[in-house]
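The values are calculated or read from the model by the stated rules, or taken from the named source; none is laboratory data. Keep in mind the model is a prediction, meaning the values are calculated, not measured. Every residue, glycine among them, receives a Cβ derived from its backbone with ideal geometry; neighbour counts consider all protein chains shown. Ligands, DNA and RNA are stripped out before the accessible areas are found, and what is left, the full protein with its side chains, is counted by its heavy atoms. Shrake-Rupley method; radii C 1.70, N 1.55, O 1.52, S 1.80 Å.
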Amino acid sequence: MRTPDRSMLLRDAGLALGVAAVSLFFAYPRPVAMAVVLGMCAPLVVRRAYPWVALAALTVAAVVHVVTQESPTVAVVAVPIMVHSLARWSTTACARAGLVVALAGAVVTPVWLTNRPEEPTVAGWATTIVSAAGTVVIAFIAGRRDHDRQERETQREQERAERRRLELAEHERAVQAAAAGERTAMAREVHDIVAHSLSVIAVQAEGGRALTARDPRRAPEILETVAETAREALDDLRELVAMLRGDGPAAAGRPERGYRPAPGIGDIDELVSRLDGRVRLRVAGNRRQVGPVAGMTVYRLVQESLTNALRHAGPGAAVDVRLDIGERAIDLVVRDDGYGASAAGAPAWRRCASGSSCTTAP
């Protein structure tokens, strides 16, 4: 059963009024015939909204029509219209019930049309039955074909909607995965900045305490290194926060500064210089042939290795960084002579790839 709406009822009422107007024109001025015509046409108004009610009402009206009228009126066209409508818009059970009722009427029609029932001819009866039944069957088949076509279209629309839903879900998963990747990259960047900067500050503070006891004149130099490292770490954190907020560098309180370029292989000297002589850097090869991506990768590897050495090798450990730049690869070795991470007391080696030298393309 379809849910009735105003537009549906108006269309069905228009069809019923059209059939009734034509039928009343031929039934006038017979009051009983006109009443029968109205009874045959009225069920057409609710044939889609209430199919079972319409079928029952039309069946009763058709029986009255046969009983009260000597010959059919134009209103009998309501029968194939009803059969087609039930086949197209109602359930299978209701459509088949309408077909059975209409075929029963087709069998009764020859008796109704015979002016002299005592002398019917077999050929005449057969022709009338076949004509009436054929009209009903054609209306039923046309209605079922329209019903099946509508069902296929509805199924295709549901499949398209399901594909759109799956595409949206896949897009949402891709967005979430990209956001998770961005968060991971940002977390790694924060770790690199904060861990290294705090390690440098801790080393300078610890070494400065002993150094100033022997040479107080070095205190301003050490404190300036600590302050500069802290300021740079704070600037980097502000930039990261501004990027996360999407506000740009102005949100970090430095509209005139902008973002600093990504560190590269040329910044390793400045990175090592902060550690006040504890790190020795040896570079072989041409730094200019190293691309920006490879340079930043090497810088981050050195930074992370130095951070680990400062945190785990012990307070007096020295670090040796060897960087060999070749035509097709870069070999990086970072080692310290501390004992903090060695259970046997031997020097602890720090290498960027689990004990082996780190190689990357220039």
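Charge tally around GLN176: other residues with Cβ under 11 Å, Lys/Arg +1 each, Asp/Glu -1 each, net -1. The listed residues HIS171, HIS84 rank as HIS171, HIS84 when sorted by accessible area, largest first, using a 1.4 Å probe. Shape of the stretch 58-179 from the C-alpha gyration tensor: prolate (a/c of 1.5 or more and a/b above b/c, with a ≥ b ≥ c the square roots of its eigenvalues). Of ASP320, ASP331, the order by accessible heavy-atom surface (1.4 Å probe, DNA, RNA and ligands excluded), from most exposed downward, is ASP331, ASP320. Over all other residues within a Cβ to Cβ distance under 15 Å of GLY326, the charged ones net out to +2, with Lys and Arg as +1 and Asp and Glu as -1. Highest mean packing first, where packing is the average number of other Cβ atoms within 10 Å per residue, the peptides 184-191, 301-308, 159-166 line up as 301-308, 184-191, 159-166. Spread over its residues, the convex hull of the C-alpha atoms of the stretch 140-199 is 27 Å³ per residue.
Expressed as a fraction of 2.2 N^0.38 Å, the rule-of-thumb size for a compact globular protein of N residues, what is the C-alpha radius of gyration of the stretch 120-219?
Dividing the Cα Rg of the stretch 120-219 by 2.2 N^0.38 Å gives 3.33.
The H on the amide N of GLY338, modeled in the peptide plane, is under 5 Å from the matching H of ALA318, ALA348, each at least 5 residues off or on a different chain. Note on VAL122: accessible area approximately 130 square angstrom, rounded to 10, probe 1.4 Å, nucleic acids and ligands left out.
Based on the inverse mean of 1/r over its pairs of different Cα atoms, what is the Kirkwood hydrodynamic radius of the stretch 272-323, in Å? Every distinct Cα pair counted, the radius reaches 12.1 Å.
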